[in-house]
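Undergrad: One structure, as structure tokens, below. Some questions next.
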Amino acid sequence: MTRYVALLRGVNVGTTRLAMADLRRIVTDLGHEDVTTYLQSGNVAFGSSVRDAEKLAAGIARALTDELALTVPVLVRSGRELAAIAGGNPYADREDDPTRLLVAFLATAPQKSTVDALTVPGGENVSFTVTGREVFLHYVDGGYGRSKFTNAYLEKKLGVVATSRNWKSVRALAEMTAS
């Protein structure tokens, strides 16, 4: 049994509403075990014997559409991947405020050319590092809420689906999926 987390994009931050009880029920009904949610923003940890993260993501997305008529991107990471992410943030030792550190989880690794062309909008002090399917973000002079370097900006510039979580959430999800 492998521990995973499914990260749903855009849930309970705009018009897409999803009760966490419904999310837990759907993931449990798919045959996964020890299902728990974190916060109200579409984070669900679970155990599964399925070893294919893309298959897990597709199954959860399909069930959300079939049962609740919700179409939301779902990204899945294993506990091992989350542990590596939580242990590999290049900015963690530079910042005490976890709201200034975020990780953008990407559906797929972006093309090298789009990563090479990625720049911070003028006048902003944001550091970023793209590593595989994650973008580590450090908002040096303020938080994510005041920046133009957002999840939507990353999606547009990198050409892949993304969903972002603050550092406190990333660490909590890593703990929830630790074996």
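The values are calculated or read from the model by the stated rules, or taken from the named source; none is laboratory data. Just so you know, these numbers come straight off a predicted model, no measurement behind them. Don't worry about glycine lacking a Cβ; one is built from the backbone with ideal geometry, like all the others, and counts go over all protein chains shown. Areas reflect the complete protein model, heavy atoms only, side chains present, ligands, DNA and RNA absent. Shrake-Rupley method; radii C 1.70, N 1.55, O 1.52, S 1.80 Å.
Undergrad: Taking the condition of being assigned to a helix (DSSP H, G or I) and at pLDDT 95 or above, how many residues in the range 73-122 meet it?
TA: 15
Undergrad: It is to be established whether one or more residues within the range 57-71 are of a type in the set (Val, Ile, Thr) and assigned to a loop (DSSP other than H, G, I, E, B).
TA: Yes - at least one qualifying residue is present in the range 57-71.
Undergrad: When both residues are 6+ apart or on different chains and their Cβ atoms are under 7 Å apart, which pairs have a first residue that lies in the range 33-49 and is at positive phi, and a second that is not hydrophobic (A, V, I, L, M, F, W, C)?
TA: Pairs found: 34/47; 39/169; 42/12.
Undergrad: Additional query: Pull up the range 80-97, narrow it to residues that are closer than 24 Å to residue 45 by Cβ and open to solvent by 50 Å² or more (accessible area, probe 1.4 Å), then point me to the one that is nearest to the chain's Cα centre (by Cα).
TA: 81
Undergrad: Taking the options 170, 135, name whichever one is touching a residue at least 24 places away in the same chain (Cβ under 8 Å), in a strand (DSSP E or B) and hydrophobic (A, V, I, L, M, F, W, C).
TA: 135
Undergrad: Need pairs with beta-carbon distance below 9 Å; first residue within 11 Å of residue 6 (Cβ to Cβ) and open to solvent by less than 80 Å² (accessible area, probe 1.4 Å) and within the range 17-29, second in a helix (DSSP H, G or I) and β-branched (Val, Ile, Thr); sequence gap 6+ or separate chains.
TA: 23/60; 26/60; 27/60
Undergrad: Give me a count of the residues in the range 61-79 that are surrounded by fewer than 19 Cβ atoms within 10 Å (Cβ to Cβ), touching a residue at least 60 places away in the same chain (Cβ under 8 Å) and either of a type in the set (D, E, K, R) or more than 24 Å from residue 42 (Cα to Cα) (or both).
TA: Count: 0.
Undergrad: In addition: Can you spot a residue in the range 104-111 that is in contact with a Leu (Cβ under 6 Å, 6 or more places away or on another chain), aliphatic (A, V, I, L, M), within 30 Å of residue 1 (Cα to Cα) and open to solvent by less than 60 Å² (accessible area, probe 1.4 Å)?
TA: yes
Undergrad: Quick check on the range 99-122. Is at least one of its residues under 19 Å from the mean Cα position of the chain (by Cα), of a type outside the set (A, V, I, L, M) and more than 30 Å from residue 50 (Cα to Cα)?
TA: yes
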